[in-house]
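Scroll down for the structure; my scribbles are underneath it.
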Amino acid sequence: MAQGEPLGIALVGAGYWGPNLIRNFNALDDCFVYWVCDKKPGRLQFIHERFPHLPLTDNFDTVLADPRVHALVLATPVSTHRDLALRALEAGKHVFVEKPLADTTQRAQEIADAGRAAKRVVAVGHIFVYNPAIVRMGELVHSGAIGKLCYAESSRVNLGPPASEVNVIWDLAVHDIAILLDVWRQKPVAVTAFGNRYLHPHLIDAAFLHIHFADGSMAQHHVSWLSPDKVRRFFVAGSQGSLHFDDMQPQAKLRHIDQGQDSRIGLSDTESKELYYKPGEIKVVALPADEPLRAECAHFLECIRTGAKPRASADEGIAVVQILEAACASIENHSARVEL
Ligand SMILES: NC(=O)c1ccc[n+]([C@@H]2O[C@H](COP(=O)([O-])OP(=O)(O)OC[C@H]3O[C@@H](n4cnc5c(N)ncnc54)[C@H](O)[C@@H]3O)[C@@H](O)[C@H]2O)c1
């Protein structure tokens, strides 16, 4: 593309999530949405009613053959990601693939390899790594603000989607694993998971994932489709304090809590004093007002222009898929520990 020319974008998949991507790319100045593609006429009609100027097609080949299109954004079900991404890369397009990158580690690796071979950007929709609270959480952890990293604990629960092709781990835990790897900046060594099918006829609909790191730090992630309450919490405990992310809070999404005081520590047998423990100072961490999805879309365009590796690249996509796969393997094997 010529210097200063807007990047040509096509969005594939206008179901539940695709319209959010369409809205954001459509609002960015330095790109032009040439196509929205979906196999279902009803979804194309829905887009037409909201964005009447956008050209629509049900034919993926039309999008691939259009030389004005530099990049494809895939918001289709995960079972389609590998094939659509490989075809896009073969056609010389950059590609943004919604999370998770693929439905197996091997297929995620194929996408990464094809991206390298084609010298094209591959980004994956790990939206939380573009969330200002998670970016700040990583910065605080690595500046030593909470001391040595001990463990993370998260909860991501809600009522499940009616017709998911993937279980709750692939639907929800993908976000928490992406956050964990982004904040921890080290690879885990093993996964143990517990899960069951309670209401869903054949998919695991509630699970607890335990992630183990070589330095002894660990994480537990609870995901469920059985909760009428929507919860989005990610807690990190350090030796000198903790960080609490609550995405359901309109304000004060990230809080930093000092280790606190405990008058029982070092008490001698002859001392007479009140015994108590209480949390330390609670600070609300100031955050920029950036919308994560907007930042994610803008970052993809910037990587295409500069050749920079995306913050959530195919490599991060593979690392997350590997853990999701290991968690399911653990559950299938009576919650045995799966080494990575
Ligand atoms: N980042 C997030 O927070 C977030 C949230 C929800 C979903 N997602 C991801 O977005 C993706 C889509 O999820 P969804 O819930 O929107 O699914 P969906 O089933 O609601 O929509 C998918 C759409 O893709 C279309 N499609 C499928 N194959 C196609 C093809 N070959 N060509 C053209 N259109 C095709 C379908 O007709 C459908 O309309 C998944 O990867 C999912 O994990 C991400």
Just one of (1) touching a residue at least 12 places away in the same chain (Cβ under 8 Å); (2) part of a helix (DSSP H, G or I); (3) more than 16 Å from the ligand (Cβ to nearest atom); (4) charged (D, E, K, R) trips up R107, so point out which. (3)
Which one of the conditions (1) in a strand (DSSP E or B); (2) closer than 18 Å to C303 by Cβ does A117 fail to meet, given that it meets all the rest? (1)
Just a yes or no: is a residue in the range 79-92 within 26 Å of the chain's Cα centre (by Cα), in the same structural domain as R120 (by TED's automatic domain parsing), over 18 Å from V121 (Cα atoms) and outside any loop (DSSP other than H, G, I, E, B)? yes
Just give me the residues in the range 297-337 being of a type outside the set (G, A, S), touching a strand residue (DSSP E or B) at 6+ places or on another chain (Cβ under 7 Å) and part of a helix (DSSP H, G or I), in sequence order. F300, L301, C303, I304, E316, I323, I331
Is there a residue being within 24 Å of R116 (Cα to Cα), within 14 Å of the ligand (Cβ to nearest atom), in a loop (DSSP other than H, G, I, E, B) and out of contact with any strand residue (DSSP E or B) (no Cβ under 8 Å at 6 or more places or on another chain) anywhere in the range 8-27? no
Selection from the range 173-191 of residues part of a helix (DSSP H, G or I) and crowded, with 22+ Cβ neighbours inside 10 Å yields A173, V174, H175, D176, I177, A178, I179, L180, V183
Screening A286, A298, A214 for residues that are of a type outside the set (K, R), at pLDDT 95 or above and farther than 30 Å from N20 by Cβ leaves only A214
Would it be correct to say that I22 is crowded, with 21+ Cβ neighbours inside 10 Å and more than 19 Å from L324 (Cβ to Cβ)? yes
Restricting attention to the range 127-145, does a residue exist that is surrounded by fewer than 17 Cβ atoms within 10 Å (Cβ to Cβ), touching a residue at least 12 places away in the same chain (Cβ under 8 Å), more than 14 Å from the ligand (Cβ to nearest atom) and in a helix (DSSP H, G or I)? yes
Scan the range 36-63 and report the pairs whose first residue is within 17 Å of N24 (Cα to Cα) and touching a residue at least 24 places away in the same chain (Cβ under 8 Å) and whose second residue is in a loop (DSSP other than H, G, I, E, B) and more than 12 Å from the ligand (Cβ to nearest atom), with Cβ atoms within less than 8 Å and a gap of 6+ or a chain change. V36/F51; V36/L54; V36/P55; I47/L54
Residue ID - nearest to Q322 (Cα to Cα), chosen from residues in the range 152-174 that are within 10 Å of the ligand (Cβ to nearest atom) and β-branched (V, I, T): V174
Look at the range 40-67 and say how many of its residues are more than 14 Å from the ligand (Cβ to nearest atom), in a loop (DSSP other than H, G, I, E, B) and surrounded by fewer than 12 Cβ atoms within 10 Å (Cβ to Cβ). 3
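The values are calculated or read from the model by the stated rules, or taken from the named source; none is laboratory data. What you see is a predicted model; the values in this text were computed from it and never measured. Cβ coordinates were reconstructed from backbone atoms using ideal geometry, including for glycine residues, and neighbour counts include every protein chain displayed.
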